[in-house]
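As C-alpha cells, the structure follows; a few thoughts come after it.
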Amino acid sequence: MIEWLQFFRSILPEFYQGMLITIELTVVGLLMGFALGLPAAVARVYGGKFLRWLAIGYIELFRGTPLLVQLFLIYFGLPDFGVTLSRMTAAYLALGLNSGAYQAEYFRSAIQAIGRDQMMAGRALGMTRLQAIFHIILPQALRLVIPAWSNEPVSLLKTTAIAFLIAVPDLMTKAKLIASRTYDPIGTYLAVAVIYLILVFILSEGLKFLERRLRIPGLETV
Amino acid sequence: MKDKPVKNKILEIKNVSKKYTDQFVLRDISLTVNEGDNVVLIGPSGTGKSTLLRCINLLTRVSGGQIFLDDEEITAKGVNEDRVRQHIGMVFQNFLLFNHLTALQNVLSGLTHVKHLPAKQAKEKALMELERVGLSDRADHYPGQLSGGQQQRVAIARALAMDPRIMLFDEPTSALDPELIGEVLEVMRKLAEEGMTMMVVTHEMGFAREVANQIVFMEKGLIVEQGTSQDLFYHPKSDRTREFLWKITELYGKKEENVT
C-alpha cells in the first residue's frame with residue numbers, strides 16, 4: 001500500500017497535463033451538449049412539425065448509436081468528405097453531439113413536468129409562446145432538472161476516456177504511456193481510477209452546491 | 001364610473017358555439033357585457049362555463065360565432081391573440097402563479113415582459129397592485145410560501161396590473177379551503193365596487209346575489225336563463241334554474257353565512 005502511494009506520487013506530475021485535457025473535454029462537451037440539448041428539447045416539446053422531427057431525428061440518431069462509432073466517423077470518416085479535424089476538435093464534437101442528445105431528454109422531461117398550465121398562465125397575460133418559454137417554463141424546468149441532469153457531467157467526465165482511442169493525450173492516454181514505461185499496469189490504472197474518482201467527487205459536490213443555490217421554496221414539490 | 005349614465009359595451013358574444021370532435025360544449029351563446037357589469041355564470045359542472053371564459057380570452061378557439069371586445073372582432077382571422085389577451089385579465093381556479101417568482105415578480109412579469117414598462121415604473125405599479133389585494137407585506141414570498149387565498153389574491157393582482165378591460169374569473173374560490181374563500185371574495189367585491197367589469201364563474205351564491213348585476217344560468221352548453229340576481233334568485237322562469245338554485249343553496253347555504 002505504502003509502496004503504491006509512493007508510486008502514485010511519483011507519477012502524479014505526469015498525469016497533470018492529461019487531467020487538464022480530460023477536464024477540457026468534459027467542460028467543452030458539456031457546454032456544447034447544453035447548447036444543443038436545450039434547443040432540441042424545446043423544439044421537441046413546442047416546435048412545429050419540422051422542428052420537432054428535426055429534434056427527434058438528432059436525439060435518436062445520437063442516442064441510438066455507440067459514441068465510439070460517432071467518434072470514429074467524425075475523426076476518420078469526415079476526411080473523406082474533405083473535412084479534416086484535429087484530434088481535439090473531433091473529440092469535442094463527438095462528445096458534445098452525443099451529450100446534447102442525452103441532455104435534450106433530461107430537459108424534455110423537466111419541461112413536460114412543468115406542464116401546460118404554466119404556459120397557459122403566461123399566455124393569458126399576453127406573452128407570446130416564446131416569451132412564456134423563456135420567462136416561465138425554462139427558469140422552472142432548468143431548476144427542476146438539476147438532480148437528474150447531474151448524472152450527465154459525471155457520466156461525461158468518465159466517457160471522455162474514449163478519446164484515448166484517437167490518441168487525444170487525456171488522462172487515459174497518459175496512463176497507457178506510464179503503464180508501458182513502468183511495467184506496472186495495475187498500479188498505474190489504479191492511480192488513474194483514483195484521479196477520476198476525485199474529479200467526479202469534486203464535480204458532484206459542485207452540482208449539489210448549484211442545486212442548493214438555485215432552490216426556490218416550494219418549487220421542489222412541483 | 002358606476003353611475004355613468006351611458007354604459008359602453010365592452011364585450012359582445014354573438015352565437016358562439018364550441019365543439020369537440022362531434023360534441024357541443026357551447027351552443028349558440030349570446031351575451032353582452034357593458035362597462036362596469038358584473039356577470040356571474042352559474043350552472044352545473046361541465047356545462048361549458050369555463051370553456052366560455054377560455055373562448056373569450058382565446059385560450060380556446062370558438063367553433064362558430066363571434067366575440068367582440070370593444071367593437072373589435074377578436075375571433076376574426078389574423079387577430080393578434082397576444083395583444084387581445086393583454087386586455088383581458090384571467091384568474092384561474094388553481095391560481096397558476098409562476099412558481100419560481102416571488103409575489104412581486106409574478107405581478108411584474110406582465111408589466112416587464114409584455115408591456116415593457118421601465119423597471120422603476122413597473123415596480124411601483126406592481127407594489128400598488130399588491131397593496132390593492134392587501135398583500136404588500138408578502139411581496140417577497142414565493143407562491144410555495146403563501147396560503148391558497150394569498151396565492152389567488154396575487155394572481156388577481158397579476159391580472160389587474162395589466163389594466164385589463166375586463167376580468168374573467170374561472171371558479172376562483174373552488175380550490176380553496178372554506179376559511180380562505182372570504183378573503184378572495186372580499187377582494188373581488190372591492191373590485192366590483194371600483195367599477196371593474198367582471199365575468200365570474202362561481203358556485204358562491206352569496207357573492208352572486210350581492211355583486212352580480214347579471215346572472216347567467218347555463219346548462220349543457222346553453223344559456224337557460226339570464227337576468228338580474230333579483231329575477232333569477234326570486235323569480236326564476238325555468239324549472240331547471242329553480243331546481244339548481246335550490247340544490248346549490250342547500251349545499252352551500254351554511255358556508256355562505258360565514259363569508260357574506
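The values are calculated or read from the model by the stated rules, or taken from the named source; none is laboratory data. This structure is a prediction, so every number in the text was calculated from the model and none was measured. As a convention, Cβ positions derive from the backbone with ideal geometry for all residues, glycine included, and neighbour counts pool all protein chains shown. With ligands, DNA and RNA removed, areas are computed over all heavy atoms of the protein, side chains included. Shrake-Rupley method; radii C 1.70, N 1.55, O 1.52, S 1.80 Å.
DSSP beta bridges confined to the protein assembly as shown are antiparallel in about 55 percent of cases. Its alpha carbons give the range A:1-114 an Rg and a Dmax of 18.5, 63 Å.
For the listed peptides B:17-25, B:85-93, a ranking on the average number of other beta carbons within 10 Å per residue, highest first, reads B:85-93, B:17-25. The distance between label points at A:Ser10 and A:Arg215 comes to 4.7 nm (points 7 Å beyond Cα on the Cα→Cβ vector).
Can you pull the one-decimal nm distance between simple spin-label points at A:Arg87 and B:Thr228, each 7 Å off the Cα toward Cβ? Result: 9.0 nm between the two label points.
Across peptide A:196-207, the average count of Cβ atoms from other chains found within 10 Å of a residue's Cβ is 0. For the listed peptides B:241-250, A:80-89, a ranking on the average number of other beta carbons within 10 Å per residue, highest first, reads B:241-250, A:80-89. Would you give the gap between the C-alpha center of the range B:41-105 and the C-alpha center of the range B:135-203, rounded to a whole Å? First find each Cα centre; the distance between them is then 16 Å. The shape of chain A can be summarised by an equivalent ellipsoid whose semi-axes, obtained from the alpha carbon gyration tensor, come to 39, 23, 11 Å from longest to shortest.
Computed on chain B, with alpha-carbon pairs under 8 angstrom and 6+ residues apart, the relative contact order is 25 percent.
GNM on chain A, alpha-carbon springs under 10 angstrom: the most fluctuating residue among A:Tyr183, A:Tyr92, A:Tyr75 is A:Tyr183.
Counting only lysines at least 8 places from B:Lys190 when in the same chain, those with an alpha carbon closer than 29 Å to its own are B:Lys2, B:Lys4, B:Lys7, B:Lys9, B:Lys49, B:Lys115, B:Lys120, B:Lys123, B:Lys125, B:Lys247, B:Lys254, B:Lys255. Per residue, the solvent-accessible area of the protein assembly as shown (1.4 Å probe, heavy atoms of protein chains only, all protein chains present) comes to 48 Å². When only Cα pairs below 8 angstrom with a gap of at least 6 residues are kept, the range B:165-223 shows a relative contact order of 42 percent. Rounded to the nearest whole angstrom, the semi-axes of the ellipsoid equivalent to the protein assembly as shown, taken from the Cα gyration tensor as √(5λ), stand at 60, 24, 18, largest first. With 21 Å as the cut-off, how large is the P(r) tail for the range B:115-234, expressed as percent of Cα-Cα pairs? Summing the P(r) tail past 21 Å for the range B:115-234 gives 44 percent.
Beta bridges from DSSP with both residues in the range B:161-238: antiparallel share about 55 percent, rounded to the nearest 5. Neighbouring Cβ atoms from other chains, within 10 Å of the Cβ of residues in B:91-99, number 5 on average. Counting every pair of alpha carbons in chain B, the share spaced more than 28 Å apart comes to 34 percent. Converting phi to 3J(HN,Hα) with the Karplus coefficients 6.51, -1.76 and 1.60 and the offset θ = phi - 60°, the range A:171-176 yields 3, 5, 4, 4, 4, 4 Hz in sequence order, with x at every glycine or proline.
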